[in-house]
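Read the structure below first, then the notes.
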Amino acid sequence: MRYYILFGPPGAGKGTQATAMVEKYNLRHISTGELLRKEIAAGSELGLKAKALIDAGALVPDEIVEGMIESEFNTVKDVEGFLLDGFPRTTAQATALDGMLAKKSEEVTAVVSIMIPDEMIKERIKHRASIEGRADDANDETIANRIRTYHDKTEPLVGYYKENGKYHEIDGTGTIDEVRSKIFGLMDKF
Ligand code: AP5
Ligand code: MG
């Protein structure tokens, strides 16, 4: 099995690019953000817990998302691998992922990181707010917190994955087509 991490700040284009990636490489797309939004929409206890944190632009507790990922790994069959979008997001999550995979004698195949500058994050999220109506896209303070949370808690993972040689960075500032062809050019080599 292949285990790809689709990494990048909010609004970098992870969800946008994931659709084409899972189709081309027969992967299962797991977006922890989307799974959490489904829980919120369903009004589950987990969703209620997550909502306040997400709406504030903070992360939900590591154990919650780790449990979601493990349950997907254990139930999804008939794919050649997984594309993790928005997970891991903390060093603790990265270590937990390594542990889950080690139990299966597997490891992370590669990290595909889509990078854009902070100003572009704001533009992209504002653009999406007018189309999708995501609660965490709706106000400037939440967006600023998401960017801060990314730099404080998630960006350190760049060093973590560079150290073990898994990190591959793509310039995310071009058009959707340009970014996609760069990603395909990279993934064709794995
Ligand atoms: P999550 O849903 O993962 O949100 P995010 O990481 O903030 O990322 P986004 O989904 O906002 O951006 P994206 O990179 O997918 O961009 P997109 O393709 O949509 O997480 C939401 C929340 O859930 C978190 O804040 C946290 O609270 C919680 N959470 C999730 N995972 C967690 C975890 N592991 N641990 C703890 N908490 C967790 O593109 C954005 C827009 O730009 C779109 O409109 C798109 O059309 C456009 N666009 C994309 N590419 C281009 C391009 N090349 N040119 C022009 N426009 C483009
Ligand atoms: Mg997304």
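The values are calculated or read from the model by the stated rules, or taken from the named source; none is laboratory data. Every value quoted in this text rests on a predicted model; they were computed, and no experiment measured them. Note that we place each Cβ from the backbone using ideal geometry, even for glycine, and neighbour counts take in every protein chain shown.
Observations on the structure shown:
- Which numbered condition I183 fails, given (1) in a loop (DSSP other than H, G, I, E, B); (2) in contact with a strand residue (DSSP E or B) (Cβ under 7 Å, 6 or more places away or on another chain): (1)
- Wholly within the stretch 1-57, helices (runs of 4 or more DSSP H) carrying at least 3 residues that are within 15 Å of ligand 2 (Cβ to nearest atom) and closer than 29 Å to G185 by Cβ: 14-25, 32-42
- Scanning the stretch 18-40 for residues that are within 7 Å of ligand 1 (Cβ to nearest atom) and either of a type in the set (S, T, N, Q) or over 29 Å from E119 (Cβ atoms) (or both) gives S31, T32.
- When restricted to residues that are in contact (Cβ under 8 Å) with a residue 60 or more places away in the chain, touching an Asp or Glu at 6+ places or on another chain (Cβ under 6 Å) and under 10 Å from V79 (Cβ atoms), the stretch 9-30 contains 0.
- Once the stretch 41-91 is narrowed to residues that are of a type in the set (K, R) and more than 8 Å from ligand 1 (Cβ to nearest atom), the residue that is modelled with the highest pLDDT is K51.
- Being within 14 Å of the chain's Cα centre (by Cα) and of a type in the set (A, V, I, L, M, F, W, C) is a property that V179 lacks.
- Residue pairs meeting the criteria (Cβ under 9 Å; at least 6 apart or on separate chains; first on the phi > 0 side of the Ramachandran plot, in the stretch 34-59; second hydroxyl-bearing (S, T, Y)): G57/T142; G57/T149
- Consider the stretch 91-122 and keep the residues that are hydroxyl-bearing (S, T, Y) and assigned to a loop (DSSP other than H, G, I, E, B). The one that is nearest to ligand 2 (Cβ to nearest atom) is T109.
- Number of the condition not met by A138 [criteria: (1) within 16 Å of ligand 2 (Cβ to nearest atom); (2) touching a helix residue (DSSP H, G or I) at 6+ places or on another chain (Cβ under 8 Å); (3) in contact (Cβ under 8 Å) with a residue 60 or more places away in the chain]: (3)
- For the stretch 66-90, a residue qualifies if it is of a type outside the set (F, W, Y), part of a helix (DSSP H, G or I) and out of contact with any helix residue (DSSP H, G or I) (no Cβ under 6 Å at 6 or more places or on another chain), and the qualifying residues are G67, I69, S71, E72, N74, T75.
- Out of T149, T173, sole residue that is in contact with a helix residue (DSSP H, G or I) (Cβ under 8 Å, 6 or more places away or on another chain), touching a residue at least 24 places away in the same chain (Cβ under 8 Å) and among the polar types (S, T, N, Q): T173
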